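Report on the following structure.
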Amino acid sequence: MNVIEARDVVKRYGEFVAVDGINFGVAGGEFFGLLGPNGAGKTSAIRMMYGFSPVTSGRMKVFGMDIETDWREIRTRLGVCQQENTLDPDLTVEQNLLLYARYFEKEQTRARERAEELLAFFALTHKRNAQVIELSGGLARRLQLARALVSDPELLILDEPTTGLDPQSRHQLWDRLAELKKRGLTMLLTTHYMDEAESLCDRLLIMDHGRIIAEGRPRDLIAEHAAESVIEIEAPDAALKDYIREHQVKHDDLGERIIIYAQANGTLESEVRARFCSAACLFRAGNLEDVFLRLTGRELRE
Amino acid sequence: MNHVDLHAISFRFRHVWIRNLITYRRIWRVNFLVPLLEPGFYILAFGLGFSGLIGVVHYAGLDLSYTRFMAPALVATACMWNAFFETTYASFVRMYYQKTFDGILATPVSLEEMIVAEIVWAASKSAAAVTVMLLVLIPLGYAAFPGALMCIPLAFLAGLAFAAIGMYFTGVIPSIDMFNLPIFLFITPMFLFSGTFFPVSGIPDWAGIFTLLFPLYHLVELTRYFCIGAMESNALFNLAYLVLFTVIFGYLALRAMKRRLIK
């Protein structure tokens, strides 16, 4: 049985369709990614998962239960790390954890033990009596994640958990998330950082305009929609463009730059290197960002 | 899920009440100075400055000094201000600036429970403030002992009424600056025309009808009854009005907050 199961889920705000009939499932123990440009419907989808927003039509099931009717039971078993800081600024780090555990009616001695574990796990023990208002962005984010875990959830929903963090904090958070995955926690992540999704997620889907436009494992998506190997060529000349047309090479023409999708160590790669790389050429591995931009386009959304 | 679900209200609301209490404990020493000192200021100012002009006030067949007439009204207005400010400015800050409500709504606590907790918390603050005021008024002889102690549960009940209408305004107001409007159009006239500073029997009948709609009028009558043992209306009617007001605006508050928060 899937932990999350979305069937023809639609979310409408008046006339505007934010989520336009999505179907997907997340298996137990999976690290699942939900990607898409701003306004694609990610946050709406997430809010329906924990029963914050009502589903307009279709069915959203979590732990095999319907979120419309069994929202309280479902919310007891999942944790949400929201995009915005929703910590209590007037309370200490430890109080934030203990009071949040109360909402789950967690027994107080057990809550204290759990808070202790989480303070250690997120390297917050030395800050236990600090006021939240004094915490840096990275510390606050760690605390918010710790708070989402205080109820010992079976599913953790992470809405852009690393946005705005410095590289050190991001890496530390990734490290903690990888550790949680090892312990068997099911996680659902949204992010705008493709490297983050690529390295953390077992499987992911890309949404645009409320619909799912691709789904699969990061590697497979890269192979299918981009390529193992990518060549970026600055200021392409006519000869290169002719060559591309002649050989029907998979590419994107950005005007001042051409991106060629090739197989690693294939003939295309060596030929391009030999014939067209007198000026600036960049050879690199294909990544999820290529997939994302190819599928959702390069135009600004807002 | 967009309509108010009364079945979603359980005793679980107490956790949000406790959250507010623990947050408040950090600043209570400062906050308690207000109800402690406020009656002193008023009684001093009106006693020294006003009594000479007015002499005695005729109320419910009694001749009262002006300060004795006014002291019970101070208890009532403190109850009103405490509850109303809590569910307007303080709740708005929690909802809009601190995102506290968003955090709570990711837990098994329902929106209905969270709003009930805010209202009950505000009423608790009213009762606490009135308790502190009585510590001043009873020794000074402005409130009869032990009858005046009834003002404490009464302040809780009336606090629910003022908190409910405050919460309703929080549910419909676009920005925090706009609370000036309900304060200017509703709270201020109520503060002045509820038999607080002069007996309602002295004003024309047409104006008295408006007074009857103000929950503060009913509360002032009741606090006066418990503090000096006399009133000009029917205590049961006053209580019934406060309960009715709480039920109506409690429901409207839930509906407004649900519309505002759940999209």
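The values are calculated or read from the model by the stated rules, or taken from the named source; none is laboratory data. Given the structure is predicted, the values throughout are model-derived calculations rather than measurements. Positions of Cβ are backbone-derived with ideal geometry, glycine not excepted, and every protein chain shown enters the neighbour counts.
Residues being touching a strand residue (DSSP E or B) at 6+ places or on another chain (Cβ under 8 Å), among the small types (Gly, Ala, Ser) and in contact (Cβ under 8 Å) with a residue 24 or more places away in the chain are represented in the range B:218-233 by at least one member.
Taking the range A:1-64 as the region of interest, the strands (runs of 3 or more DSSP E) fully inside it that hold 3 or more residues being within 14 Å of chain B (Cβ to nearest Cβ) are A:4-13, A:16-26, A:57-62.
Taken over the range A:181-197, the criterion of being buried (at least 20 other Cβ atoms within 10 Å of the Cβ) and of a type in the set (D, E, K, R) is satisfied by A:196 alone. Checked against the criterion of being farther than 24 Å from residue B:247 by Cβ, among the small types (Gly, Ala, Ser) and without any contact (Cβ under 8 Å) to a residue 24 or more places away in the chain, the candidates B:106, B:148, B:144 yield just one match: B:106. Screening residue A:69 with (1) among the polar types (S, T, N, Q); (2) crowded, with 16+ Cβ neighbours inside 10 Å; (3) over 21 Å from the mean Cα position of the chain (by Cα) gives one miss only, at (2). Which pairs do you get when a residue that is on the phi > 0 side of the Ramachandran plot, found in the range B:43-62, comes within reach of a residue that is β-branched (Val, Ile, Thr) and in a helix (DSSP H, G or I), reach meaning Cβ atoms under 9 angstrom, with the pair 6+ apart or on two chains? So the pair list comes out as B:60/B:228. Exactly one residue among B:93, B:109 is surrounded by fewer than 17 Cβ atoms within 10 Å (Cβ to Cβ), among the aliphatic types (A, V, I, L, M) and closer than 23 Å to residue A:85 by Cα, and that residue is B:93. Can you work out which of the residues in the range B:124-144 that are within 12 Å of residue B:71 (Cα to Cα) and among the small types (Gly, Ala, Ser) is nearest to the chain's Cα centre (by Cα)? That would be B:143. Taking each residue of the range B:1-23 that is of a type in the set (D, E, K, R) and looking for partners that are buried (at least 19 other Cβ atoms within 10 Å of the Cβ) with beta-carbon atoms closer than 7 Å, six or more apart or interchain, yields B:5/B:112; B:12/B:109; B:12/B:113; B:19/A:99.
Being within 12 Å of chain B (Cβ to nearest Cβ), crowded, with 19+ Cβ neighbours inside 10 Å, in contact (Cβ under 8 Å) with a residue 12 or more places away in the chain and on the phi < 0 side of the Ramachandran plot is a description that does not apply to residue A:133. Which pairs have Cβ atoms under 7 Å, sit 6 or more apart or on different chains, and link a residue in the range B:244-263 that is assigned to a helix (DSSP H, G or I) to one that is of a type in the set (Ser, Thr, Tyr) and crowded, with 20+ Cβ neighbours inside 10 Å? If the second residue must be of a type in the set (Ser, Thr, Tyr) and crowded, with 20+ Cβ neighbours inside 10 Å, the pairs left are B:249/B:168; B:252/B:168; B:253/B:168; B:256/B:168. Any residue in the range B:4-20 that is within 19 Å of residue B:85 (Cα to Cα) and among the acidic types (Asp, Glu)? So far as the range B:4-20 goes, no, none of its residues is within 19 Å of residue B:85 (Cα to Cα) and among the acidic types (Asp, Glu). Could you go through the range B:235-247 and let me know if any residue there is farther than 25 Å from residue B:9 by Cα, under 17 Å from the mean Cα position of the chain (by Cα) and at pLDDT 95 or above. Yes, that holds for at least one residue. Would you point out which residue out of B:161, B:129, B:117 is within 14 Å of chain A (Cβ to nearest Cβ), small (Gly, Ala, Ser), within 25 Å of residue B:246 (Cα to Cα) and in contact (Cβ under 8 Å) with a residue 60 or more places away in the chain? Going through B:161, B:129, B:117 in turn, the sole match is B:117.
Table: residues versus (1) under 15 Å from the mean Cα position of the chain (by Cα); (2) away from chain B (no Cβ under 14 Å).
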residue: A:151; (1), (2): no, no
residue: A:179; (1), (2): no, yes
residue: A:187; (1), (2): yes, yes
residue: A:199; (1), (2): yes, yes
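For residue A:80, state whether it is within 11 Å of chain B (Cβ to nearest Cβ), of a type in the set (Val, Ile, Thr) and closer than 22 Å to residue B:99 by Cα. Criteria met by residue A:80.
Is there a residue in the range A:86-100 that is among the charged types (D, E, K, R), farther than 22 Å from residue B:24 by Cα and within 14 Å of another protein chain (Cβ to nearest Cβ)? Before the answer, list the steps.
Here is the first cut: in the range A:86-100, the ones among the charged types (D, E, K, R) are A:88, A:90, A:94.
If we keep only those that are farther than 22 Å from residue B:24 by Cα as well, we get none.
Among the residues of the range A:86-100, not one is among the charged types (D, E, K, R), farther than 22 Å from residue B:24 by Cα and within 14 Å of another protein chain (Cβ to nearest Cβ), which makes the answer no.
Summed over the range A:246-295, the residues that are touching a residue at least 60 places away in the same chain (Cβ under 8 Å) and not aliphatic (A, V, I, L, M) give a count of 6. Give the residue, chosen from B:51, B:65, that is at pLDDT below 80 and away from every other protein chain (no Cβ under 14 Å). Of B:51, B:65, the one residue that is at pLDDT below 80 and away from every other protein chain (no Cβ under 14 Å) is B:51.
Which ones in the range A:193-223 are among the acidic types (Asp, Glu) and touching a residue at least 24 places away in the same chain (Cβ under 8 Å)? Please lay out each step first, then the result.
Taking the range A:193-223 and keeping what is among the acidic types (Asp, Glu), we get A:195-196, A:198, A:202, A:208, A:215, A:220.
A:195, A:196, A:198, A:202, A:208, A:215, listed by residue number.
All of A:69, A:86, A:92 fail the test of being farther than 19 Å from residue A:155 by Cβ, without any contact (Cβ under 8 Å) to a residue 60 or more places away in the chain and in the same structural domain as residue A:190 (by TED's automatic domain parsing), apart from A:92.
Looking at the structure I just gave you, is residue B:221 buried (at least 17 other Cβ atoms within 10 Å of the Cβ) and either charged (D, E, K, R) or under 18 Å from residue B:68 (Cα atoms) (or both)? The answer is yes for residue B:221.
Checked against (1) modelled with pLDDT under 95; (2) under 17 Å from the mean Cα position of the chain (by Cα), residue A:138 meets all criteria but (2).
The residue that is surrounded by the most Cβ atoms within 10 Å (Cβ to Cβ), counting only those in the range A:223-241 that are touching a Cys at 6+ places or on another chain (Cβ under 8 Å) and hydrophobic (A, V, I, L, M, F, W, C), is A:231.
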